[in-house]
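Novice: Have a look at the structure that comes next, please.
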Amino acid sequence: MKNKEQLVKINLNKPRNLSLEDLIKPDVERLIQVRKDDGGYRIPSTSGKALRKYIPVLYYLIHILLERQYSKNTTERCLYARDYVKMYSRDIEPLKSKNDFRYMWSILFQFKIISCYDVTEPTKYRKSAKGYYFRFTDAYRDSAIVQHEVLVKASIADKLDKKSKAKKYEAKVSPDINNLTANTASYYQYRGLLNLSFDSQSAIMHVEKLFEEKALDVEQYNACMISINNIINKRFSFSHSNVCQRIYTSVTMMPKELRQFIKDSNGNCLTELDFGSFNAFLVYKILNECSPEYKNNVEKIAFENELDLYRSILSGGDFYRDFKEIFFPSEELNRDQVKDIVLKYWFNGKLNSRNKYRQHMLKRLPKISAIIDSLKQVSYENFSNFTMSRESQLVNEIIYMKFIAGHPDAIIYTIFDSFLIEQKFASELQTMMQEEGNWYFNLNCVVRGKKKN
């Protein structure tokens, strides 16, 4: 007689008001409409009892959809319907074969848990293919999330555990710190992630309090809880983009409200250090590296005057404030709006964008705008990738590698253009950031320090 494999509990995220056990009645017959590859449909009659055996995989699909919905990774979002996120047939592995993906999401669709949006789009493997995007229906979109226990086979739980870890950065032997490479620096960041010390209980209490006080909305609350739950269950994410050279980890994707709960070996909070107005300084570096051609001396003088003005704003100590006062004195814009709206559209906007802030900057700084636009291609995101790769060059390849060469056991994490560092090393790292930043930008930059409470 074949021995049954032991069942173990795993924790998955789900909307608080969703219970598959209550929705799928064992004695109720369901008609699950499933689309076939030829465009037709088959509608098998399935008992509730038969459907209930799929509850674990359905909860897992819900868990994946929630994570993707609250992720900062915008590449998974549908271009034509931004609240829909992409799902793949491989997302249900190892609980079910990817061949069952369409049947699994059809069940959720029939129970009005999710809605679907499909679109034919180009892929890197062939000219075009059908892409499937999903979101929760209105009944579950605005619900706070909770963790839910499901039972799966021990072998399945082990495969899920392996799936949630980036194995390619593991190493049995510590690399030679005297012979650092970008890949070695990635290894050290990955090693630090696996040894992350996080006060999850205090983080949960903090987030619950902010949610009760309405300082966080449901979306922000869920993003925080997903991050906390992943750390509690040791589901760490770690990836490196070959396009923009950024390193994405559980720390970089963590909502900023939670960073204060990352601790050092003595239980102390880490200090956050970041470059002020990084993208603005980076654009200055790019402009200095360009050798534009001028039709006459008047054009050359005009460009140099614009560059002098731009450099003066950077040197003032508060770029966003001075930028607003010079170019938009009558507009009601706060610092975040200057950063996330005005500069975003000026630096990264499409060439044919009619955004009013971009159009204004094209008139006020036409020479600088022309150089920035000349670096863009038809796919304007290429400019964003270019600037992010330069950011990663300074933060990950220069400063991080130089620092761990002297302190290989220090607790230090990068968050794009900033660092989380042990308090005892904060002063040394801040000095290094200032020196390397000044050299990199060829201009005195701004480095800010913020000790977590």
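None of the figures in this text is laboratory data; all of them are computed from the coordinates on show. All figures in this text were calculated on a predicted structure; none of them were measured in a lab. Heads up, the Cβs are rebuilt from the backbone with ideal geometry, glycines too, and the neighbour counts pull from every protein chain shown.
Novice: Please label the shape of the stretch 314-453 as rounded, prolate or oblate, based on the square roots a ≥ b ≥ c of the eigenvalues of the alpha-carbon gyration tensor (a/c under 1.5 means rounded; beyond that, a/b larger than b/c means prolate, else oblate). Please list the in-between numbers first.
Specialist: Details: a/c = 2.49, a/b = 1.76, b/c = 1.41.
In terms of gyration-tensor shape, prolate.
Novice: Right, another one. Where a Cα-Cα gap under 15 Å defines reach, which aspartates and glutamates qualify for residue 450, not counting those fewer than 8 residues away within the same chain?
Specialist: 257, 272, 274, 417, 422, 428
Novice: In whole Hz and in residue order, list the ³J(HN,Hα) couplings for the stretch 328-344 that follow from phi through the Karplus curve 6.51 cos²θ - 1.76 cosθ + 1.60, θ = phi - 60°; x for Gly and Pro.
Specialist: Couplings: 9, x, 9, 8, 8, 10, 8, 4, 5, 5, 4, 6, 8, 10, 5, 5, 4 Hz.
Novice: What is the local net charge at residue 200, summed over the other residues whose Cβ is closer than 14 Å to its Cβ (Lys, Arg +1; Asp, Glu -1)? Numbers along the way, then the final one.
Specialist: Details: positive: 234, 235, 259, 263; negative: 199, 208, 257.
Taking every other residue near residue 200 into account, the sum is +1.
Novice: Do any of 86/285; 86/234; 130/356; 163/344; 72/363; 127/356 go past 28 Å between their Cα atoms, and which?
Specialist: Numbers: 86/285 37 Å; 86/234 24 Å; 130/356 36 Å; 163/344 36 Å; 72/363 33 Å; 127/356 36 Å.
From the list (86/285; 86/234; 130/356; 163/344; 72/363; 127/356), the Cα-Cα distance tops 28 Å for 86/285; 130/356; 163/344; 72/363; 127/356.
Novice: How large is ³J(HN,Hα) for each residue in the stretch 251-268, as worked out from phi by the Karplus curve 6.51 cos²θ - 1.76 cosθ + 1.60 (θ = phi - 60°), to whole Hz, x for Gly and Pro?
Specialist: Couplings: 7, 5, 8, 6, x, 4, 5, 9, 4, 5, 9, 7, 10, 8, 5, 9, x, 8 Hz.
Novice: Would you please classify the overall shape of the chain from the alpha carbon gyration tensor, given that a ≥ b ≥ c denote the square roots of the eigenvalues, rounded means a/c under 1.5, and beyond that prolate means a/b larger than b/c while oblate covers the rest?
Specialist: In terms of gyration-tensor shape, prolate.
Novice: With a ≥ b ≥ c taken as the square roots of the eigenvalues of the C-alpha gyration tensor of the stretch 7-150, please select rounded if a/c is under 1.5 and otherwise prolate if a/b is larger than b/c or oblate if it is not?
Specialist: Values: a/c = 1.69, a/b = 1.21, b/c = 1.40.
Cα axes put the stretch 7-150 in the oblate bin.
Novice: In deg cm²/dmol and to the nearest 500, what is the mean residue ellipticity at 222 nm of the chain if only DSSP H runs of at least 4 residues count, each as -39500 (n - 2.57), divided by the residue total? All intermediate terms of the calculation are to be shown ahead of the outcome.
Specialist: On the way: 18 runs with 190 residues, N = 453.
That calculation yields -12500 deg cm²/dmol at 222 nm.
Novice: What is the spin-label model distance, in nm, from residue 448 to residue 291 if the labels are put 7 Å beyond Cα along the C-beta direction?
Specialist: Result: 3.8 nm between the two label points.
Novice: Write out the chymotrypsin sites (Phe, Trp or Tyr not before Pro) in the stretch 208-301 meeting two conditions: DSSP loop, and at most 15 other Cβ atoms within 10 Å of their Cβ. Write down the numbers at each step before the final one.
Specialist: Details: sites: 211, 221, 236, 238, 248, 261, 275, 278, 281, 284, 294; in loops: 236, 294.
Answer in residue order: 294.
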